[in-house]
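Input: a single structure, listed below in structure tokens.
The values are calculated or read from the model by the stated rules, or taken from the named source; none is laboratory data. Being a predicted model, the structure only gives us computed values, none of them experimental. Counting neighbours? That spans all protein chains shown, and the Cβs are built from the backbone with ideal geometry, glycine included. Quick note on the areas: whole protein, heavy atoms, side chains included, nothing else; ligands and nucleic acids left out. Shrake-Rupley method; radii C 1.70, N 1.55, O 1.52, S 1.80 Å.
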2 protein chains.
Amino acid sequence: MGTCGVDALSIAALARQVGLVPSGIYRHFKSKNDVLDATLDLIGEKLFENVKLVQKKTSDSAEQLRMLLKLHIKLISVNRAIPHIVFSESIYSGSSYRKNSVRNIITGYIGEIEKIVLKGQKSGSLRKEVDPKTTALMFMGIILPAVIVWKLTDGAFDLVRHSEDAWLLFKTAILTDQ
Amino acid sequence: MGTCGVDALSIAALARQVGLVPSGIYRHFKSKNDVLDATLDLIGEKLFENVKLVQKKTSDSAEQLRMLLKLHIKLISVNRAIPHIVFSESIYSGSSYRKNSVRNIITGYIGEIEKIVLKGQKSGSLRKEVDPKTTALMFMGIILPAVIVWKLTDGAFDLVRHSEDAWLLFKTAILTDQ
DNA sequence: CTACAATGTGAATAGAGATTCACATCACAG
DNA sequence: CTGTGATGTGAATCTCTATTCACATTGTAG
């Protein structure tokens, strides 16, 4: 697979990070694909952990979303390679069965957000006019463009601040009028 | 630059598309970097064309945004490689002066959207409480996650329909109450 | 202690993609 | 017609990564 060695994703770079020599990686993983798959699994787990967490903390849908937003941003801030792996890596691979893993993770995550929205609509705290799926995607839209700008400016953009501002905007759109 | 040959971005693939042999590309471009730079310029131009276009069509800010959304989606639908080039390619390159080009294009585009929002706020048609930049980023957020899902599902996701639904949601958040 | 499994290493191999180069064609100005 | 510049081609080269392999080292169960 002489392909796509965006430096951060090369076996050599990984080895360096871990304090090994490239060939050493192969004592722990069968191939680079293996490494990526494992990483992806890990990312998936973390995302769903966050969902579980907010569900435990509160039962108010809007509040759950707000917390999830915060957790998501923290997750990405700490593990800056996540967008790396999830996006640039596999979205564009044409085939690759890892594209499927990514799709499952993302649609799964969005599905969880949908459920939260749906519950909010049933309880009457969220507007019923909008499609939960649309809402869920828009929710992701609070973060994604911001992360891109954040990446492009090498962290100079204030992700947290943006997320707070954007949340207010989003809230306006989804909450029922009191 | 033996790096990152996500197939669609390889010189070989480009050559094939154009009906040439790889080496033939070098009669027209000095290097792969040259090709990417030229492509990026083209993308930048198209984005700004769209902005100009909507400004010519109407002076109502919200309407301008709605049209821009439509045009943006059409642009991406037709030139499916745009997210490819703009995102996966350079965002993660670490250094690379192309990252700068991408940043300029994106922040420029967002800047234009900001101006539209600002004008709308001054004219009273858009809420004054939200930061124009936040609004502009959220606007991009209507499209970005959707494009990703669209890519991941190989076009099975209905981008246009989503954009219409999401626009309604977005509109609710930015329009002043009548 | 000792044999065995796990782990780490450097050198060697293999394959992919970018780039170069010497050699055809081809269009066309003179 | 003829020579020159633009354009296209295949083979060869270069570089970068992944991957393998034979050989230490080490930790540990017996």
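At-a-glance table
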{"read-out": "Residue identified as assigned to a helix (DSSP H, G or I), assigned by TED's automatic domain parsing to the domain that holds B:ILE105 and closer than 27 Å to A:LEU9 by Cβ among B:ILE43, B:ILE73", "value": "B:ILE43"}
{"read-out": "Selection status of A:GLY155, small (Gly, Ala, Ser), surrounded by fewer than 19 Cβ atoms within 10 Å (Cβ to Cβ) and closer than 20 Å to B:PHE87 by Cβ", "value": "yes"}
{"read-out": "Check on A:LYS122, more than 13 Å from chain B (Cβ to nearest Cβ), open to solvent by 50 Å² or more (accessible area, probe 1.4 Å) and within 30 Å of A:SER10 (Cα to Cα)", "value": "no"}
{"read-out": "Of all residues making up the range B:153-172, the number that are in contact (Cβ under 8 Å) with a residue 12 or more places away in the chain and at the interface with chain A (Cβ under 10 Å from one of its Cβ atoms)", "value": "6"}
{"read-out": "Yes/no for B:VAL78 being of a type in the set (A, V, I, L, M, F, W, C), under 28 Å from A:SER93 (Cβ atoms) and within 16 Å of DNA strand C (Cβ to nearest atom)", "value": "no"}
{"read-out": "Given (1) part of a helix (DSSP H, G or I); (2) within 12 Å of another protein chain (Cβ to nearest Cβ); (3) surrounded by fewer than 18 Cβ atoms within 10 Å (Cβ to Cβ), index of the condition A:ARG80 fails", "value": "(1)"}
{"read-out": "Residue satisfying all of: in the range A:128-152; assigned to a loop (DSSP other than H, G, I, E, B) and at the interface with chain B (Cβ under 7 Å from one of its Cβ atoms); surrounded by the most Cβ atoms within 10 Å (Cβ to Cβ) among these", "value": "A:VAL130"}
{"read-out": "Residue within the range B:17-30 that is within 13 Å of DNA strand D (Cβ to nearest atom) and crowded, with 18+ Cβ neighbours inside 10 Å present", "value": "yes"}
{"read-out": "Members of the range B:85-111 that are open to solvent by 40 Å² or more (accessible area, probe 1.4 Å), at negative phi and not hydrophobic (A, V, I, L, M, F, W, C)", "value": "B:SER93, B:SER95, B:TYR97, B:ASN100, B:ARG103, B:ASN104, B:THR107"}
{"read-out": "Residue in the range A:58-69 that is within 14 Å of another protein chain (Cβ to nearest Cβ), surrounded by 14 or more Cβ atoms within 10 Å (Cβ to Cβ), within 16 Å of DNA strand C (Cβ to nearest atom) and assigned to a helix (DSSP H, G or I) present", "value": "no"}
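Here is a yes/no grid of residues against (1) more than 29 Å from B:GLN121 (Cβ to Cβ); (2) away from DNA strand D (no atom under 16 Å from the Cβ); (3) over 24 Å from the mean Cα position of the chain (by Cα):
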{"residue": "B:LEU14", "(1), (2), (3)": "yes, no, no"}
{"residue": "B:ASP34", "(1), (2), (3)": "yes, no, no"}
{"residue": "B:LEU40", "(1), (2), (3)": "yes, yes, no"}
{"residue": "B:LYS57", "(1), (2), (3)": "no, yes, no"}
{"residue": "B:SER61", "(1), (2), (3)": "no, yes, no"}
{"residue": "B:GLN64", "(1), (2), (3)": "no, yes, no"}
